[in-house]
Amino acid sequence: MIISQKKLTQLVLLLLLTGVVGCGNGPMQRESKVPKVGFLDLLEDATLAQAKKGFFIALKDSGYSVSNGTLEVLYRNAQGDQPTLLQACDYLIGERVDILATNPTLSTIAAVQRTTDIPIFMMVSPRPDIIRLTDAAGKSPANLFGVYETLDYLDTSLMIATTLFPDKKTIGTIYNQSEPQSVDALQRIEARCAAMGLRLEKLPVNNSNEAQLVVAALLQKKIDIFFALPDNTVFSSMEVIVKSCDDAKVPVITSEEGLVKRGAMAAFGADMYAWGYQSGAQAAMYLKNGATGLAPEMVKQRRKVCNQLKADQFHVVLDSTFIRVSSSQ
């Protein structure tokens, strides 16, 4: 079919007009697109679950929630398996999530190693340099945000142990050699014990299935206090650890508030819910305004907490500086 010049001109104008309208609709659709959040969890754990809860409550408080249609969530839990963790991370990246929340340390490391484009909001993780995520100049990855902790609080936690039990001189702990935060925490505790004239007994544990046997072996070394490190294996084995220590009449002190709720006597450390909330609030700021002004930040809320039932069990009087928390046992 032969098209006249007039018809051709009209057709071109129509195509141009259609193109303009199409281009105009494109950005409007992107702006109204519901944000997609990927949440990468390492394992099922009551302590870590508090951080996850806080993260999504913060988003909801800022107007982002699944229930009101303003947020889409893709959740993956690796069930403590590192190959599964990497697969889950790849899945979330492949789904082109707008932001990626990571909980705890190993999830953050996996995400940083596998994407430089998607903003990562970490929680329950040490400062980036402690887990070797900074470059030679000491800078964190440009796409890493969220909330971190330092190891300083471990000093106070150990001090609590010696204050509550001044006549006890042998500290016992277990650690996972494959977890950077566990090894770093162990080294910090080793240094503090040496400086305070305490003896430290330590045993490695590879996974939660080994925890009961390893703790039993540790208790055979006649430890006075069990110190629960910020370690994913400890998190997933806490009830087993507490039961073994209770049977041996050995108190458990820790640096994690969530572990006090699960049977430890006392701790100085971050509130897990508040930690997740702080990270979620930062993620909400990103969704609203982009990355301008955002950077990894230190956890803001630390406190001394105690489990009164455990204090009574070991005949320890705790002063008013401790906040009583309910036991989940």
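For this structure, a couple of remarks:
- Residue in the range 176-183 that is touching an Asp or Glu at 6+ places or on another chain (Cβ under 8 Å) and in contact (Cβ under 8 Å) with a residue 60 or more places away in the chain present: yes
- Residue within the range 170-178 that is surrounded by fewer than 15 Cβ atoms within 10 Å (Cβ to Cβ) and under 21 Å from the mean Cα position of the chain (by Cα) present: yes
- Meets criteria (modelled with pLDDT of 95 or more and of a type in the set (Val, Ile, Thr)) for residue 115: yes
- Any hit, the range 179-190, residues being loosely packed, with under 14 Cβ neighbours inside 10 Å and outside any strand (DSSP E or B): yes
- Any helices (runs of 4 or more DSSP H) falling wholly within the range 192-270 and containing at least 1 residues that are assigned by TED's automatic domain parsing to the domain that holds residue 156 and without any contact (Cβ under 8 Å) to a residue 40 or more places away in the chain: 211-219, 232-247
- Taking the range 289-329 as the range and being free of Cβ contacts under 8 Å to residues at least 60 places away in the same chain and part of a strand (DSSP E or B) as the test, the residues that pass are 303, 305, 306, 323, 324.
- Counted residues, the range 267-285 - those being modelled with pLDDT of 90 or more and in contact with a Lys or Arg (Cβ under 7 Å, 6 or more places away or on another chain): 4
- Identity of the residue in the range 26-59, polar (S, T, N, Q) and in contact with a Lys or Arg (Cβ under 9 Å, 6 or more places away or on another chain), that ends up modelled with the highest pLDDT: 50
- Residues located in the range 262-292, provided they are hydrophobic (A, V, I, L, M, F, W, C), surrounded by fewer than 22 Cβ atoms within 10 Å (Cβ to Cβ) and closer than 20 Å to residue 181 by Cβ: 274
- Flag set for residue 259, criterion: in contact with a helix residue (DSSP H, G or I) (Cβ under 8 Å, 6 or more places away or on another chain) and crowded, with 24+ Cβ neighbours inside 10 Å.
- Odd one out for residue 130, checked against (1) modelled with pLDDT of 95 or more; (2) within 17 Å of the chain's Cα centre (by Cα); (3) surrounded by fewer than 23 Cβ atoms within 10 Å (Cβ to Cβ): (1)
- Subset tally (residues that are modelled with pLDDT of 95 or more and either over 27 Å from residue 163 (Cβ atoms) or over 25 Å from the mean Cα position of the chain (by Cα) (or both)) for the range 198-209: 6
The values are calculated or read from the model by the stated rules, or taken from the named source; none is laboratory data. Just so you know, these numbers come straight off a predicted model, no measurement behind them. Every residue, glycine among them, receives a Cβ derived from its backbone with ideal geometry; neighbour counts consider all protein chains shown.
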